[in-house]
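I have placed the structure first, in the form of structure tokens, so that the comments after it can refer back to it.
The values are calculated or read from the model by the stated rules, or taken from the named source; none is laboratory data. A quick note: this is a predicted structure, and the numbers were derived from the prediction, not measured. Note: ideal-geometry Cβ built from the backbone for every residue, glycine included; neighbour counts use all protein chains shown. Heads up: the accessible areas ignore ligands, DNA and RNA and are worked out on the full protein's heavy atoms, side chains in. Shrake-Rupley method; radii C 1.70, N 1.55, O 1.52, S 1.80 Å.
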Amino acid sequence: MNDQVTLRPTGRPYGHRPTEVLRSAAAFDGEPGCIAQARALADSFLARLAAQSRTAFGERTRGDLMLAVSELVTNADRYSQGPYLLELEGTAERVSVTVYDSSTALPLFYSPDPTRPGGHGMEIVTALCDRLTAERVPVGKRIRAEFELSS
């Protein structure tokens with residue numbers, strides 16, 4: 001398992017108390033309906049996060065997060081040869097959408113081209129999120145899209 005270090009975001013005062021982190025995760029096997037199940041998990045997660053943090057997510061923010069979940073899970077479903085895991089983590093200030101799958105092939109990032117018939121998923125996710133990372137891990141790869149939420 002990889003070690004992870006989380007640093008205080010720049011500009012955050014030291015006296016600021018950290019917000020409790022809400023987490024949710026589910027494994028999917030690629031059977032029909034998995035993408036819809038992943039979206040339902042994300043929808044439920046965002047509703048719980050809004051209630052816990054007393055934050056109202058705008059429709060655009062909610063839509064961006066749901067679209068990122070759809071794109072990342074669709075890619076895992078399409079390109080990996082095994083189960084995949086969706087992890088959601090959030091506070092009132094940020095949300096991360098992470099997908100692990102069994103393929104070690106990192107995603108391809110193409111330049112925008114409206115004439116290209118496919119390959120727009122990562123382009124879309126990159127445009128929606130504030131930070132995107134893709135890395136190989138012992139089980140295959142991990143792709144994480146991070147969203148900073150407006151206060």
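A few remarks follow.
- Residues in the stretch 135-151 that are open to solvent by 30 Å² or more (accessible area, probe 1.4 Å), at pLDDT below 95 and touching a Lys or Arg at 6+ places or on another chain (Cβ under 8 Å): E148 alone.
- Qualifying residue in the stretch 67-87 (condition: assigned to a loop (DSSP other than H, G, I, E, B) and touching a Lys or Arg at 6+ places or on another chain (Cβ under 9 Å)): yes
- For the stretch 58-87, the candidate set comprises residues that are touching a Leu at 6+ places or on another chain (Cβ under 7 Å) and open to solvent by 30 Å² or more (accessible area, probe 1.4 Å); within that set, the residue that is nearest to R142 (Cα to Cα) is L67.
- Looking across the stretch 95-118 at every residue that is open to solvent by less than 40 Å² (accessible area, probe 1.4 Å) and not acidic (D, E), the one that is nearest to T55 (Cα to Cα) is identified as V95.
- Exclusive hit being over 21 Å from L41 (Cβ atoms) and of a type in the set (D, E), set E146, E59, E123, E71: E123
- Taken over the stretch 128-151, the criterion of being of a type in the set (S, T, Y) and within 14 Å of F109 (Cβ to Cβ) is satisfied by T133 alone.
- Contact map, the stretch 88-114: first residue under 18 Å from K141 (Cβ atoms), second residue of a type in the set (S, T, N, Q) and part of a loop (DSSP other than H, G, I, E, B), Cβ cut-off under 9 Å, separation 6 or more or different chains; pairs are D101/S80; D101/Q81; S102/S80; S102/Q81; S103/S80; S103/Q81; A105/S80.
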